[in-house]
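In what follows, a single structure is set out as structure tokens and then discussed.
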Amino acid sequence: MDAKSDVGRLVLLGAPLGNPADASARLREVLATADLVAAEDTRRLARLARELEVTVSGRIVSYFEGNEERRTPELVEALRTGLSVALITDGGMPSVSDPGYRLVRAAVDAGIPVTAAPGPSAVTTALTLSGLASDRFCFEGFLPRSPGSRRARLAALATEERTLVFFEAPHRVAVALADLAAAFGAHRPAALCRELTKTYEEVLRRPLGELASWAAEEPARGEITLVVAGASGPARQRPDDETLRAAVATREATGRSRRDAVTEVAVEYGLRRREVYDIVHR
């Protein structure tokens, strides 16, 4: 920060995903010199600083999902007074499915300079390790927790041609993969990446159906990123009405609501949802 500046500067720090050796020299410098460090988990920050042999001289405050709405005005005020503020999350870049967006937006609106010390990202790391096309991709973050909302989101994404990247919690990955296989097809190529850059890093490159079966039998552990190939080829030939009714009934038998079942069948065959609905109720 320029000592003559009237306002401070917000610096977003790309933190290692697991291996502290991935930390950049600039991250070390900013941690050591920032007037204030806002951390998603202050205990993890303390551990990272020890591993990097960096002394954090500035004040440390917590900044996580539960307090970011209240803490953001405080940090913006600190920036207004000329303090330099560093923002670091548990791993990867702030704002990417982690706290940060609200503070960046508030700083930008206040005319405060915002920059970054770029670092590791689970999104691009998993994408490059997946073996799937990486020239065009979209990041979907975490899928909705409720089954109905999750299936509706996947139905809307079933025809997306770009490679898809998702984050998922270990305790939800089995149901998420089952819904992905149902919405996208069991043969769609995918990769399950867990514990990236850590001791037990693992990348499973299998069709969605096989990954769903694996997750149902083998409880997943650690932080998980899913990479799924985009849709390819023309929509399947339109089946007769009886086949469409049977496809909806099959999905209902697995516990899906009629609405979700109709939506999935419509996406699978490239039909309008209303058309499938009318056929089922005819």
Does at least one position in the range 30-46 carry a residue that is over 25 Å from residue 106 (Cα atoms) and touching a residue at least 40 places away in the same chain (Cβ under 8 Å)?
-> yes
Name every residue in the range 187-198 that is more than 15 Å from residue 168 (Cα to Cα) and free of Cβ contacts under 8 Å to residues at least 60 places away in the same chain, in order of residue number.
-> 187, 188, 189
Of the conditions (1) free of Cβ contacts under 8 Å to residues at least 40 places away in the same chain; (2) in a helix (DSSP H, G or I); (3) over 22 Å from the mean Cα position of the chain (by Cα), the single one that residue 267 does not satisfy is (1)
Okay, strands (runs of 3 or more DSSP E) sitting entirely in the range 156-242 with 2 or more residues that are open to solvent by 20 Å² or more (accessible area, probe 1.4 Å), I get 189-194, 202-207
How about the range 76-99: which of its residues are closer than 15 Å to residue 30 by Cβ and not β-branched (Val, Ile, Thr)?
-> 79, 83, 84, 86, 87, 93, 94
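So is residue 101 within 20 Å of residue 49 (Cβ to Cβ) and among the hydroxyl-bearing types (Ser, Thr, Tyr) or not? Before you say what the answer is, go through the steps one by one.
Details: within 20 Å of residue 49 (Cβ to Cβ): no; among the hydroxyl-bearing types (Ser, Thr, Tyr): yes.
No, not satisfied.
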So which pairs qualify, if the first residue must be in the range 93-107 and in contact (Cβ under 8 Å) with a residue 24 or more places away in the chain, the second must be crowded, with 23+ Cβ neighbours inside 10 Å and basic (Lys, Arg), the Cβ gap must be under 7 Å, and the two must be at least 6 apart or on different chains?
-> none
Set 54, 30: member being of a type in the set (A, V, I, L, M) and within 16 Å of residue 118 (Cβ to Cβ) = 30
Residue that is farthest from residue 223 (Cα to Cα), among those in the range 107-125 that are in a helix (DSSP H, G or I) and open to solvent by less than 30 Å² (accessible area, probe 1.4 Å) = 107
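The values are calculated or read from the model by the stated rules, or taken from the named source; none is laboratory data. Since this is a predicted model, take the numbers as computed values, not measurements. Heads up, the Cβs are rebuilt from the backbone with ideal geometry, glycines too, and the neighbour counts pull from every protein chain shown. These area figures cover heavy atoms from the full protein model, side chains too; ligands, DNA and RNA do not enter into them. Shrake-Rupley method; radii C 1.70, N 1.55, O 1.52, S 1.80 Å.
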